[in-house]
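Colleague: Structure in structure tokens, see below.
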Amino acid sequence: MLRYVVVRLAQGLVAIFLVSIVTFSLMHLAPGDPVSLFVGEAQVTQEQVDMLRHKWGLDQPVYRQYLRWLGNLLRGDFGQSLIIRPGASVANIIKEAAPLTIKLNLLALFFSVALALPAGIIAGIKRNSLFDYVSVVGSTLGVALPNFWVALVSIIVFGSMLGWLPTYGLSSWTGYILPVAVLALDHTAVLTRLMRGATQEVLGQEYVTTARAKGLGQAALLSRHVVRNALLPIVTVIGYRIAFLLSGTIVIETVFALPGLGRVFINSVYRFDYQVVQAVVLLLAIVVVLGNLLTDLVYTYVDPRIRIR
Amino acid sequence: MDAHEPFHLHPLGGRKTTRRTFVVRAALALTGAASLPLLAACGGGSSEENPATEPAGDQTGGSTQASPGTGSSGSGAQGEPVRGGTLITLGHTDVPGLSPEDAGPTVEWSLVTQIHNGLLEIDENYELESVLAERHEVAEDGLTYTFTLRQGVKFHDGEEFNADDVVYSYEWYRNPENASIEQQSFAGVESVEATDPYTVVVRMSEPNAAFLIRGATAFIIPEHYHSQVGQDQYRTAPIGTGAFKLKEWRAAEYTLLEAFDDHFRGRPYLDEYRLNVVPEPSVRAIALETGEAHSSVWQLAVEDNQRLEATGEFTVFKAPSVSVNHFPLNHNLPQLAEKEVRQAMMYAIDRQAVIDDVFNGEAVIATSNIAPVLESWYNPNVKEYPYDPDEARRILDEAGWTVGSDGIREKNGVKLSFTCGVITGDQARRPEAELVQQYLREVGIDMQVREVPDASGGMRQGDLDAAVFNWTYGGSGGEPDPSDTLRSDGFNNFSHYRSERMDELIDQGLREVDPEKRREIYNEIQALVAEDVPFLYMMYWQWYTLYSKQVKGLPESALSPTQTYRKAYQFWLDPNA
């Protein structure tokens, strides 16, 4: 078990290293240039532009820039932002932004699981009932409707027409309601469908019929057999969706004007703030690697058939 | 937002989104149109290339009369000013810092200008206003400027402002090592000297007529503080002489300024001045409607501007910008090198139709490089290009460009064909380019449209044949000099335009300090641009600045709507409005 974890972590390190090289190359290969964005329409001369390039170390070959970045990283230095917060340390920028993003995602995850598990099970048991139809239609819409559209419509309805909730920002806790709801919508829809399918499948299995024949009550049947078996796909999907958390958050943070990591990421990409992009991507890569590992470990707990050697 | 802000809590007059606008919005959103503003907002990094925006650095972007029929609320006309409250403005992206170096983009400028002052400042009508200087004198030869400073001015930390701060600031901007965005504003400056605590003398090695508008308007930073903490720290904790001082700064969320009690023009009526970051343009419009903000510094979508204006609940300043919407053309290509070809293109395009079809009529036709709102510099008597496709064909025939079998003209084996770059995700200018493409095709010119991430950079490096974006070709801050864009060696000479006569005129214009004689030179520059057509000058976009009716003490009118934020030291909030 320990050996397995160590090997997986080592593989993860290699993956993270490769991701950092690819990101670095892509950012530098992309057309456009931070200096030209930085000076905008200011009256500058070529000398000034060269001066800035030199100051920012952009006049060096790309591999050199990469090695310098890697060297700093190994010493625990994520570098400095050039553009989105000139002179500020990247570590601080991330430290400021990350808690909000984590909070939003955990809240969304919590509510979607809390909602989707019971809803999926009920829909699975009461097949072709009204509840079942509603859950199917609802979860189809939830997956199909784009996040930004739902977000805008929810702002128009709850912020502008009804006036119940703030249209943007986090002036009070009510500011969390819409972003978390929209963020959770997608998860809830996917998980409800999964849970419904899994429940139906398990209920059709012969061992369930056997268990019923033995006289096992509905509640015991659900908790011992149905939920336990249905959890497996749920865990898979949650683990796999960790990789997409940031992309979902970018939209939500942009529409609702929330100062999280998604905004840091999109701003730094658009403004070619290389060091910041590198750090965020690195962080994301780590989260994905750890998320995958954790998923695999949870499998062994949920599914006794899976054994790690 | 903090809870202790009385003014954003109650909606202004109960305006709600009507059902109709909601349906329209929802429909737009469903067809995917709403996704575009979002993407555009995300792309706000390159501000001069953001579709619905004024170029970075061009804070003085607007111009002409406050729109007829939407009269601005005159200060004092509606009751006595009341002290208190927080003015809430909206920006679209992070505020990276608050030093004068960060004041290029409009949103950052709107904050930096509350914190700092210049010796002179440009007001909302492009007039020079003496602020930290009481008066100034310019020697006849244009080589010496003498500024007499205002006395008894305090910085936010209580220290007195004097001539040493001016010398320090100007020297800092001039020093190439600081790579300041203001460095060029001090071109030609030989020395800056404090002859006594309240007199500063600037000597030039050669005349630079643009110095007053560019250099003397640079913000003053305190020597005793800036020299101690350094630029990196200063931009996070600036200290100026302005009416508001920094209270709290959270780059990605908001910037909060508070009234400076010892401000030399008196304490402002507002207790606080706040900027909230709201990236999505339609959300900014909704926030104005619900009363959660008083004004959006960053532009809204054209249709939102028109809709909000129609509600009658806002004071609207509206004027065409000084930056021109244009197609730079790479003159190094043989098919674009002849001025006859470029003139023919001007005749071939129905610009008014483009304005009406693509921009809801919210723009005015350009006649040359200087915007008509710069009344003292604008030359209306230049060659004009009314829509006349027959004339275009005639010129092209005469110049030897004959129509080939595929309908595209050619000459000496060169096809009259080129590619125009539009900025990726630019939902405003892509349709513009496509319309122009059709007009050009009618006269046998083939223009392909291709999306590119960095149009201005691509033109600068000569990678692109043509592009479409907005830029100022002289006129920024009311100063007509276009050396950056029209001189042969100009850094932003996107068209790679080379004209000895133009270079001469530009140099003369900067050497001449007599306003009358200067005007003649810039008249000729405009005539030469209209003759040579270095780029296809299309139009000036209408620039809107809206304030909730609660905001009083606004200027009567503004040629440059965004510059009205500079007057926040006179604003007050009417609790009864």
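Colleague: So what is the relative contact order of region B:120-227, in percent, for Cα pairs below 8 Å that sit 6 or more residues apart? Don't skip to the end; give the middle numbers.
Modeller: Values: 181 pairs, mean separation 31.4, N = 108.
This gives 29 percent for region B:120-227.
Colleague: Here's a follow-up. Using a 10 Å cut-off on Cβ to Cβ distances, tally the other chain neighbours for every residue of B:96-106 and report the average as a whole number. Before the final figure, lay out each step's value.
Modeller: On the way: counts 12, 5, 0, 1, 0, 2, 1, 1, 5, 2, 0.
Taking the mean over all residues of the peptide, I get 3.
Colleague: What residues have an amide H closer than 5 Å to that of residue B:247, excluding those fewer than 5 places away on the same chain, when H is modeled at 1.01 Å from N in the peptide plane?
Modeller: Here the answer is B:256, B:257, B:258, since their amide H atoms fall under 5 Å of that of residue B:247.
Colleague: Then there's this: Largest first, how would A:27, A:51 line up by accessible area (1.4 Å probe)?
Modeller: Details: A:27 25, A:51 60 Å².
From most exposed to least exposed: A:51, A:27.
Colleague: When the accessible area of the protein assembly as shown is computed with all protein chains present and a 1.4 Å probe, what percentage of it is carbon and sulfur?
Modeller: Details: 19240 of 34400 Å².
Ligands and nucleic acids excluded, carbon and sulfur reach 56 percent.
Colleague: Give me the tail of P(r) for the protein assembly as shown as a percent: Cα-Cα pairs with distance above 50 Å.
Modeller: Values: 97382 of 392055 pairs.
Tail of the P(r) past 50 Å holds 25 percent of the pairs.
Colleague: Provide the per-residue ³J(HN,Hα) series for region A:74-79, in order, calculated from phi with Karplus coefficients 6.51, -1.76, 1.60 and θ = phi - 60°, each as a whole number of Hz, with x at glycine and proline positions.
Modeller: Using θ = phi - 60°, the values come out as 5, 8, x, 9, 7, x Hz.
Colleague: Sticking with this one: Would you calculate, for chain B, the mean residue ellipticity at 222 nm contributed by helices, counting each DSSP H stretch of 4 or more residues as -39,500 (n - 2.57) and dividing by all residues, to the nearest 500?
Modeller: Working: 18 runs with 163 residues, N = 577.
So the calculated ellipticity at 222 nm is -8000 deg cm²/dmol.
Colleague: Would you mind checking the radius of gyration and Dmax of region B:222-284 based on alpha-carbon positions, in Å?
Modeller: Final numbers for Rg and Dmax: 14.1, 44 Å.
Colleague: Let me ask something else about it. Note the angle between two axes, namely the Cα long axis of helix B:281-290 and the longest principal axis of the Cα atoms of chain B, as a number of degrees from 0 to 90, rounded to the nearest 10.
Modeller: 40
Colleague: Separate question: Using a 1.4 angstrom probe and counting only protein chains, how large is the accessible area of residue A:50 in Å², to 10?
Modeller: 70
Colleague: For residue B:424, enumerate residues with amide H under 5 Å from its amide H, sequence gap 5+ or separate chain, H modeled in the peptide plane.
Modeller: For residue B:424, the qualifying residues are B:452.
Colleague: To continue, here is another question. If one puts a single equal scatterer on every Cα of chain B and applies the Debye formula without solvent, what log₁₀ I(q)/I(0) results at q = 0.05, 0.06, 0.07 Å⁻¹?
Modeller: -0.22, -0.31, -0.43
Colleague: Full extension from residue A:290 to residue A:11: what is 0.36 nm times the residue separation minus their Cα-Cα distance, to one decimal in nm? Let's see the in-between values first.
Modeller: Working: separation 279, 0.36 × 279 = 100.44 nm, distance 1.11 nm.
Result for the pair: 99.3 nm of gain on full extension.
Colleague: Turning to a different aspect of this structure: With every protein chain in place, what's the accessible area of residue A:25 (1.4 Å probe, Å², nearest 10)?
Modeller: Looks like 40 Å² after rounding.
Colleague: Arrange the residues A:9, B:270 by how much accessible surface each exposes, largest first, with a 1.4 angstrom probe. List each step's numbers first, then the result.
Modeller: On the way: A:9 75, B:270 0 Å².
Result, largest first: A:9, B:270.
Colleague: Principal axes first, then extents: for the Cα atoms of region B:120-227, list largest minus smallest coordinate on each axis, whole Å, largest first.
Modeller: Answer, in whole Å and largest first: 38, 31, 31 Å.
Colleague: For chain A, report the translational diffusion coefficient in µm²/s to the nearest whole number, using Stokes-Einstein at 4 °C, 1.567 mPa s, and a Kirkwood Rh over Cα pairs. Please list the in-between numbers first.
Modeller: Numbers: Rh = 22.5 Å.
It diffuses with D of about 58 µm²/s by this estimate.
Colleague: Where does helix B:500-511 land angle-wise versus the long Cα axis of chain B, in degrees 0 to 90, nearest 10?
Modeller: 20
Colleague: Find which of B:126, B:179, B:200 sits farthest along the positive direction of the dipole of region B:120-227, computed with +1 on the beta-carbon of Lys and Arg, -1 on that of Asp and Glu, about the Cα centre.
Modeller: In region B:120-227, that residue is B:179.
Colleague: Give the share of C-alpha pairs in each 10 angstrom bin for region A:204-309, from 0 to the last occupied bin, in whole percents, shortest bins first.
Modeller: 13, 28, 23, 18, 12, 6, 1
Colleague: Past 22 Å, Cα to Cα, is the threshold; run B:383/B:415; B:318/B:549; B:339/B:411 against it and keep the listed order. Could you put the intermediate results ahead of the total?
Modeller: On the way: B:383/B:415 28 Å; B:318/B:549 16 Å; B:339/B:411 15 Å.
Pairs exceeding the cut-off: B:383/B:415.
Colleague: Sorting A:4, A:270 by accessible area (1.4 Å probe), largest first, what list results? List each step's numbers first, then the result.
Modeller: On the way: A:4 55, A:270 85 Å².
My answer, sorted largest first, is A:270, A:4.
Colleague: Hey, got the dipole for the protein assembly as shown? About the Cα centre, +1 on K and R Cβ, -1 on D and E Cβ, debye to the nearest 20?
Modeller: 5980
Colleague: May I ask you to derive the relative contact order of chain B, considering only C-alpha pairs under 8 Å and at least 6 residues apart, and to give it as an integer percent? Please list the in-between numbers first.
Modeller: On the way: 1296 pairs, mean separation 135.9, N = 577.
Rounded, it is 24 percent for chain B.
Colleague: Identify all lysines with a Cα-Cα distance to residue A:126 below 27 Å; exclude those on the same chain that are fewer than 8 residues away in sequence.
Modeller: A:214
Colleague: Further, regarding this structure: From the gyration tensor of the Cα coordinates in region B:324-541, what semi-axes in whole Å does the equivalent ellipsoid have, largest first, with each one equal to sqrt(5λ)?
Modeller: On the way: eigenvalues 151, 71, 59 Å².
They are 27, 19, 17 Å, listed largest first.
Colleague: Hey, if you put +1 on the Cβ of every Lys and Arg and -1 on every Asp and Glu Cβ in the protein assembly as shown, which of B:448, B:241, A:249 ends up farthest toward the positive end of that dipole?
Modeller: So the residue we want is A:249.
Colleague: Another question, then. Using amide H atoms built in the peptide plane, which far-off residues or other-chain residues are under 5 Å from residue B:296 H to H?
Modeller: Hits under the 5 Å cutoff: B:90, B:546.
Colleague: Ballpark to the nearest 100 Å², how much total accessible area do B and A bury together, probe 1.4 Å? Walk me through the numbers before you get to the answer.
Modeller: Details: alone 21760 and 17610 Å², together 34400 Å².
Separately minus together, B and A give about 5000 Å² buried.
Colleague: Using all Cα-Cα distances in region A:146-278, what percent lands in each 10 angstrom bin from 0 up to the longest?
Modeller: 11, 29, 23, 19, 13, 5, 1
Colleague: Round to the nearest 10 and report in Å² the accessible area of residue B:177, as given by a 1.4 Å probe over the protein chains' heavy atoms.
Modeller: 130
Colleague: Could you sort the residues of region B:163-208 by number and keep only those whose accessible area is reduced by 40 Å² or more in the all-protein-chain setting relative to the chain alone, 1.4 Å probe?
Modeller: Listed by number, the residues meeting the 40 Å² cut-off are B:179, B:181, B:184.
Colleague: Looking at region A:132-158, which residues lose a minimum of 20 Å² of accessible area between their chain alone and all protein chains in place, measuring with a 1.4 Å probe and not counting ligands or nucleic acids?
Modeller: When all protein chains are present, A:148, A:149, A:152, A:153, A:155, A:156 each give up 20 Å² or more of accessible surface.
Colleague: Placing +1 at every Lys and Arg Cβ and -1 at every Asp and Glu Cβ, with all other atoms neutral, what dipole size does chain B have around its Cα centre, in debye to the nearest 20?
Modeller: On the way: 47 positive and 89 negative charges, 351 e Å.
Rounded to the nearest 20 debye, it is 1680 debye.
Colleague: Any idea what the relative contact order of chain A is, in percent, if you count C-alpha pairs under 8 Å spaced at least 6 apart? Mind showing how you got there, number by number?
Modeller: On the way: 322 pairs, mean separation 80.5, N = 309.
Worked out over chain A, it gives 26 percent.
The values are calculated or read from the model by the stated rules, or taken from the named source; none is laboratory data. Note that this is a predicted model, so its numbers are computed, not measured. FYI the Cβ positions are ideal-geometry reconstructions off the backbone, even for glycines, and counts take in every protein chain you see. Heads up: the accessible areas ignore ligands, DNA and RNA and are worked out on the full protein's heavy atoms, side chains in. Shrake-Rupley method; radii C 1.70, N 1.55, O 1.52, S 1.80 Å.
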